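Read through the structure below, which is laid out as structure tokens, and then see the notes.
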Amino acid sequence: MRKIKGLRWYMIGLVTIGTVLGYLTRNAIAVAAPTLQDQLHITTQQYSYIIAAYSACYTVMQPIAGYVLDLLGTKVGYAMFAILWAIFCASTAMANSWQGLAISRGLVGMAEAAMIPAGLKASSEWFPAKERSVAVGYFNVGSSIGAMIAPPLVVWAIVMHSWEMAFIITGALSMVWALCWLAFYNHPKDQKKLTDEERDYILNGQESQHQADNGKKMSTWQIVRNRQFWGIALPRFLAEPAWGTINAWIPLFMFKVYGFNLKEIAMFAWLPMLFADLGCVLGGYMPMLFQKYFKVNLIVSRKMVVTLGAVLMIGPGIIGLFTSPYVAIALLCVGGFAHQSLSGALITLSSDVFGRNEVATANGLTGGAGWLASTLFALVVGALADTIGFGPLFAVLAAFDVLGAILIWVILQDRPVVQAEQPATLETAQQH
């Protein structure tokens, strides 16, 4: 059988396409929001309920999805969730009220909860430790590519046919990808087209907790009692509302504050996502540069990326001081870059800290913390956007990120959890 050189990059490319399509299905509702408000007579607060339904179901399901992925494996587990989100996304076209939209988007959120844990698990399987942040950066870039594609694609579907067609198209694309995932993805140990040299490079470059499956797995209770878990979960809790707001509210923000029509939204709403793409990629390379020039270890280098991103998030935090829509878009571009830089570092930290048998579970739990905050903040935006405006809300998001950067230095220790049998709990950490 013909071997393929550099196969790990093809595998992360496949993961990235899945993330693109997942975020395309997620962001379709945001781009269609002005049309839905007009045709289904939905208020801003009712729209926030739709967003909150997605976020709440995503929040509840993330830890469960992570556990299922660890149980079934990356190949079968991710394919199952992708098929479900494709079906649920297409079913959104049948909704005729905000309640129907909330139910269908909630189901999409439940299925898409597996997306990031699965991508991280695949990265930990296919990449040595020194390259993992780059791999995570590339698959995480799919989130902003999907959000970037959504405005022109969804507007095209609405103009040419209807808002219902936008959800049918995005669901169908995800179904095709799920079948491709089943056909092509395998663990490096089972991938026959992988060269022996690359297999050795991958496996020998992984940390001890990823090199072998010893059958031992931390329980969920052990994970949540671990100090390292909270060092990741609390910053994610504080950071995720910013990304949720950028994804779900930018089109409506442009429509309500600056009077943008559908075509103008299609022209400008993708720009912050383009800079988010850059944040994903450059954020993946930053830890290696920080290790080289500042002589710090892997975990400290991730903390430095989170800190830099939090400082840059002050940019969109001052958006309320300006009246120009173009300045607002520019500051949102800074926010997209900043958030995706720090987000990639926070996601990757789960694989730096936890072993292969619990990495998806741990990431699902930390992601669940982030999405809980995103759910709550979506309700806050819906309740206050029409009264106090969007400016103060963006300022709060910037403050959250700065606080998260402080907490990661205070709580997260610069070492992995090596042995599941002897986890470093909050209690034992305090004794030392």
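The values are calculated or read from the model by the stated rules, or taken from the named source; none is laboratory data. Note that this is a predicted model, so its numbers are computed, not measured. Backbone-built Cβ (ideal geometry, glycine too); neighbour counts: all protein chains shown. Side chains included, ligands, DNA and RNA excluded: accessible areas come from the protein's heavy atoms. Shrake-Rupley method; radii C 1.70, N 1.55, O 1.52, S 1.80 Å.
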Sorting Met254, Pro325, Tyr58 by the position of each Cα along the dipole of the chain (Lys, Arg +1; Asp, Glu -1; all at Cβ), the one nearest the positive end of that ordering is Tyr58
The rounded separation in angstrom of the Cα centers of the range 65-102 and the range 297-343 is 30 Å
Total charge of the residues flanking Ala345 in space, meaning their Cβ is under 9 Å from its Cβ, with Lys and Arg +1 and Asp and Glu -1, is +2
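Of the cross-linked pairs Lys75/Lys189; Lys121/Lys189; Lys3/Lys75; Lys5/Lys292; Lys5/Lys189, which ones have a Cα-Cα span greater than 23 Å in the structure shown?
Values: Lys75/Lys189 13 Å; Lys121/Lys189 15 Å; Lys3/Lys75 20 Å; Lys5/Lys292 27 Å; Lys5/Lys189 15 Å.
Lys5/Lys292, as the Cα separations exceed 23 Å there.
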For the range 159-209, the Cα gyration tensor yields equivalent-ellipsoid semi-axes (√(5λ), largest first, whole Å) of 40, 12, 8
Across Ser104, Ser91, Ser162, the residue with the highest GNM fluctuation in the chain (Cα network, 10 Å cutoff) is Ser162
Distribution output for the chain: share of Cα-Cα pairs per 20 Å bin in percent, first bin at 0, values 28, 58, 13, 0
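Kindly rank 381-389, 353-361 from highest to lowest mean number of other beta carbons found within 10 Å of each residue.
On the way: 381-389: 15.6, 353-361: 25.8.
Descending packing order for the listed peptides: 353-361, 381-389.
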Largest-first semi-axes in Å of the equivalent ellipsoid built from the Cα gyration tensor of the range 266-401 are 29, 19, 12
Here the gain from full extension of Lys5 to Leu321, 0.36 nm per residue of separation minus their alpha-carbon distance, amounts to 108.6 nm
Measure of exposure for Asp38: accessible area at 1.4 Å probe, Å² rounded to 10, is 110 Å²
Of every hundred units of 1.4 Å-probe accessible area on the range 33-139, the number belonging to carbon and sulfur atoms, as a percent, is 69 percent
Over all viewing directions the Cα convex hull of the range 1-206 casts an average projected area in nm² of 11.6 nm²
Between Leu203 and Val410, the FRET efficiency computed from the C-beta separation at R0 = 45 Å comes out, to the nearest 0.05, as 0.80
Expected sort for 224-233, 335-344 on mean C-beta neighbours within 10 Å, highest first, is 335-344, 224-233
Comparing Asn27, Asn297, Asn247 in a Gaussian network model of the chain (Cα, 10 Å), the one with the largest mean-square fluctuation is Asn297
